[in-house]
Structures are given as C-alpha cells and as structure tokens.
Amino acid sequence: MSTGLSALAIALAIAASLPAAPVANPVTSDGTDSTAQHPAPMPALAPLRPLLGTKHFEMLMRKADDSVYRLFGREIAIRSAEQLGTMAVLRNVAHYDWVNGKVTTDTTVSLAESLAPVSERTHTPSRIVSYDFQRLHSTGQMGPAGTLAPIDDQLPQPAFNSTDLDMLVTALPLTAQFHVPLPLYDPEFPGFRMAELQVTGSEEVNIAGRHRRAWVLAVDQPGRPTMYYRLDMTTHAMLQKDFGSPAGPAFRVQSMEETQS
C-alpha cells in the first residue's frame, strides 16, 4: 500500500477522524430498533451474516483499446462488529489507495442483524459525503469541502446503503435459483432505486494461483450496465467484481490474500 500503514493502523486512524454515528434506541429481535429508527430493508433475508475481518483487493482497469487489465489502485476493506450505544452494529471501512497517490475512504455503519443503514462518512480527493438515517429520512451534506450541499431525502421504503453492497452480497443465501429485488440508496447515484440480483451460473476463478468455484451474481440497476460478482461457493467471500460501460473502460476488483472472521 502506498500509505505504508497496516490495516489496523488505518482502521484506528479512520475511526478517530470521523464523527460518531448517532446513538439510537435498543435493537429488537427482528433486527430493528425499538422505535423503528432503522427499519430492516429486507426482513425476509434477516438475520444477515456478512463476512467480517480484513480483505485486500486489487483495483484493475482495461481500456477499450486494451486487451489486459492494469492496476490503478488497491483497497483494504475492514469490517467489524461493534456496540454503538445500545445498538449492535457493523462498521464497514473501505480504504482506497490510487496509483496517482490520492486516497478515498468510505465508512458506513449498519445494524448487525438487518444491515439497515445508520450512517455514512466518505472522504474522496474531491468531495465529502456525510449523512445519517432516521426511519426513512436521510439527512447530511455532500460536495467539495468548501461548498457542501445539503442531503435531505425521504425514501419510499427501507433500503440498504449501496456503499455496503460488497459486504451485503457475502451474506446472501445464494443458490442456482437465487433472484431477488433489492432496495438500495445512495444520495448521489441517483438516490433510491430497486436493483435486481440474480445468480446466472457458476464458474472457476483463479485467485493468487488457487482455483475456486464461484457463484456468478448479476446486479442490474436502472440506468447502469450490469455488474457481476463472483462469490466463493464455500466461504461466500467476494473474489471478483466486474463493472463498466460496454464501450469501455472495464473495471475489475479482485481479491488478494485476505483474513476474515
């Protein structure tokens, strides 16, 4: 990594620099808090058990006139179970080191049982995104540091934070027949939407010289090219994620060595 920091050091530095998410009410057995401040997006799927621990990924890009993927960054994903006031939550930190020397950090907090979103704090080279959820209401601010614009969105129904999608897919009960609509939210692209997730088959994936059998999970969202995940059929770990315009460039996020709990 270009920062030279260990995964633990990165996690501690990020946690110290970010505002704390709001403390809400006690969580009930169905995965929501006692006054429905964070309702479950998909109660039928709860409880969700994503893979926790530290994961390392390469960020690869293939231009339209190129035949191979080339490195343009690396990601460390650090996912941990924590207690936030009276709530059992998951903290999902994704730290990106780009080959140009710049960095991006996404930090989300969600309820442990349902992955109902609680908050997000994102810092990129060009903007800040910071918001919290209360029931179906998302409030915060985003934009360049000097010209932040308000976030004030009312969702039509409970939704997952789309920033958590890489974590969420590791918790899904995948089978050859898996096909579900999934509500997602992001204040930028383009707010609330319904995604369609479907297993399209299975294939062998070579990760660091090791062949692993993987489910292929297609994710369709309005106005976007289909994104494909390859998830280990035994461990549910994310091995690859492919996305990008058919006209190029194409992008791939690929697992490196990882530790997980």
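Give me the distance in nm between label points sitting 7 Å out from Cα along the Cα-to-Cβ direction at Met233 and Asp220, one decimal.
2.4 nm
Counting Lys +1, Arg +1, Asp -1, Glu -1, what net charge surrounds Asp232 among other residues with beta carbon under 10 Å of its beta carbon? Present the calculation step by step, with values, prior to reporting the outcome.
Values: positive: Arg212, Arg213, Arg230; negative: none.
Residues close to Asp232 contribute a combined charge of +3.
Just need the relative contact order of region 178-233 here, percent rounded to a whole number, with Cα pairs under 8 Å and 6+ apart. Please report the intermediate quantities before stating the final value.
Numbers: 108 pairs, mean separation 15.1, N = 56.
Relative contact order of region 178-233: 27 percent.
Direction-averaged shadow area of the convex hull around the Cα atoms of region 53-206, nm²?
Values: hull surface 46.4 nm².
Mean orientational projected area (region 53-206, Cα hull): 11.6 nm².
Express the accessible area of region 168-210 per residue in Å², computed with a 1.4 Å probe while the remaining protein chains stay in the model. It would help to have the intermediate numbers written out before the result.
On the way: 1960 Å² over 43 residues.
About 46 Å² of surface per residue is accessible.
Separation between the Glu203 and Asp152 pseudo-spin-labels, each 7 Å from Cα along Cα→Cβ, expressed in nm?
Roughly 4.7 nm, to one decimal.
Take each of the peptides 191-199, 65-73, 96-104, 166-174, average the number of other beta-carbon atoms within 10 Å over its residues, and list them starting from the highest. Each step should come with its number before you reach the end.
On the way: 191-199: 16.9, 65-73: 11.7, 96-104: 14.4, 166-174: 20.0.
In descending order of packing, they fall as 166-174, 191-199, 96-104, 65-73.
At a 1.4 Å probe, what is the % contribution of carbon and sulfur to the accessible area of region 75-221? Walk me through the intermediate numbers first.
Values: 3100 of 5940 Å².
Carbon plus sulfur share of accessible area: 52 percent.
Cα convex hull of region 94-139: how many Å³ per residue?
Details: hull volume 3.0 nm³, N = 46.
That works out to 65 Å³ per residue.
Normalised by the residues of region 104-151, what does the relative contact order come to in percent, with Cα pairs under 8 Å and at least six apart?
Values: 92 pairs, mean separation 11.9, N = 48.
About 25 percent, as a whole number.
The values are calculated or read from the model by the stated rules, or taken from the named source; none is laboratory data. Small disclaimer: the values here were computed from a predicted structure and weren't measured. Heads up, the Cβs are rebuilt from the backbone with ideal geometry, glycines too, and the neighbour counts pull from every protein chain shown. To get the accessible areas, we keep the full protein, side chains included, count just its heavy atoms, and leave off ligands, DNA and RNA. Shrake-Rupley method; radii C 1.70, N 1.55, O 1.52, S 1.80 Å.
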